[in-house]
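Contents: one structure, followed by commentary.
The values are calculated or read from the model by the stated rules, or taken from the named source; none is laboratory data. Keep in mind the model is a prediction, meaning the values are calculated, not measured. No Cβ is skipped: glycine too gets one built from the backbone with ideal geometry, and neighbour counts run over all protein chains shown. Surface accessibility is based on the protein's heavy atoms, side chains included, excluding ligands, DNA and RNA. Shrake-Rupley method; radii C 1.70, N 1.55, O 1.52, S 1.80 Å.
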Amino acid sequence: MKRFSILLGILFCIICAFSQDNGSTLEEGTFEDNRKVGLWKVYYPNGKLKSEITYKGSRPFGPYTLYYENGEIEEQGSWERTKNTGNFKRFHENGKVAQEFSFTETGKRTGEQKYYYENGNLRLKGTWQEGMETGEMREYYENGDLMAVKHFNNGEMDKEKFESYAPKTPQ
């Protein structure tokens, strides 16, 4: 009975840790029926965390976080069937937000999208619907001055409503 329990445990659920020659772990997580499931962690060669990705049937499914080698978060989001879904954020290496937007259940961008410079100032703000730009989009210089205003309809820019501005202060 004891051997059966051990064998059954090995066949259905194996916790793995893949290592380098120097003994540091490169990847760790759980297999069920030879497929990745649950949270998997991947490490840089220096031992720092590189990613935390949730799997279902060996495919990313659910929340994930990617990290820069300096330990700062690079990207956070959620996957479903190899596509981003829900809220998404990407960060600059200094830890400040670089991009923030949302995806539909089918992986298309939707709602308000924002992009930022490394200094934290807004770079671009607009709205997407079913993966296409729609409505007004505003672009800014790194110092925060308005650079341009564009108008979109189903991904097509209305060239007649394009407005461009020179920076008010030197760049």
> Out of G120, G135, which single residue is farther than 29 Å from G47 by Cα, open to solvent by less than 60 Å² (accessible area, probe 1.4 Å), small (G, A, S) and assigned to a loop (DSSP other than H, G, I, E, B)?
Replying inline: G120
> Counting residues that are within 16 Å of the chain's Cα centre (by Cα), surrounded by 15 or more Cβ atoms within 10 Å (Cβ to Cβ) and at pLDDT 95 or above, which strands (runs of 3 or more DSSP E) fully inside the range 12-115 reach at least 1?
Replying inline: 35-43, 49-56, 59-67, 73-80, 86-91, 97-103
>> Out of G47, G29, I need the residue that is small (G, A, S), without any contact (Cβ under 8 Å) to a residue 40 or more places away in the chain and out of contact with any Gly (no Cβ under 9 Å at 6 or more places or on another chain). Which one?
In response: G47
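Please enumerate the residues belonging to the range 138-153 that are more than 27 Å from T104 (Cα to Cα), in a strand (DSSP E or B) and either open to solvent by less than 40 Å² (accessible area, probe 1.4 Å) or aromatic (F, W, Y) (or both).
Residues of the range 138-153 that are more than 27 Å from T104 (Cα to Cα), as a first pass: 141-148.
With the extra rule that they be in a strand (DSSP E or B), the set shrinks to 146-148.
If the condition is that a residue be more than 27 Å from T104 (Cα to Cα), in a strand (DSSP E or B) and either open to solvent by less than 40 Å² (accessible area, probe 1.4 Å) or aromatic (F, W, Y) (or both), then A148 is the only one that fits.
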